[in-house]
Amino acid sequence: NVPRRAVMLASPPVRFEKKVLTGAPVAYTSSNCRPTRDADVRELRRHVGVASYGRCLGTSVSDAALDANRRVANNKLALEQRHLFVVAHEGTSEPYYWSEKLWDPYRAGTVPVYFGQHRELHLEKL
């Protein structure tokens, strides 16, 4: 689900340095609750304000609002634009995998707090 190159290179609607924070600095959007992902966000909440959108972890906006006019992606982007950071937590743990969860925060002009697969590069001696 990685967006097209033009989408990835487009300027965000609101530049990070122009944002005016009026609520929680971090956004989390999920309607597919997973114990590990939700536990990570609960721990993050102990240290910083996190606005939660979707079905998981108590919501700041209802699913009906997210699904309005079948434009979930655009609504998610509009919600993420209100925050400085967005939790970008992959739903799968595959080597070298990333999804729109990493790219969407950039499109919203926010900084992703990324939870995903990591691999160390090991170079063998020739």
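The values are calculated or read from the model by the stated rules, or taken from the named source; none is laboratory data. Note that the structure is predicted; figures quoted are calculated from it, not measured. Virtual Cβ from ideal backbone geometry, glycine too; neighbours counted across all protein chains shown. Ligands, DNA and RNA are stripped out before the accessible areas are found, and what is left, the full protein with its side chains, is counted by its heavy atoms. Shrake-Rupley method; radii C 1.70, N 1.55, O 1.52, S 1.80 Å.
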### Where Asp40 falls short, out of the listed (1) modelled with pLDDT of 70 or more; (2) farther than 24 Å from Thr92 by Cβ; (3) of a type outside the set (Gly, Ala, Ser); (4) open to solvent by less than 70 Å² (accessible area, probe 1.4 Å)
(2)
### Query
If you check Phe115 against the conditions, is it touching a helix residue (DSSP H, G or I) at 6+ places or on another chain (Cβ under 8 Å), open to solvent by 30 Å² or more (accessible area, probe 1.4 Å) and modelled with pLDDT under 85?
yes
### Task
Within segment 49-56, identify whether any single residue is surrounded by 17 or more Cβ atoms within 10 Å (Cβ to Cβ), more than 17 Å from Val113 (Cα to Cα) and modelled with pLDDT of 75 or more, and answer yes or no.
yes
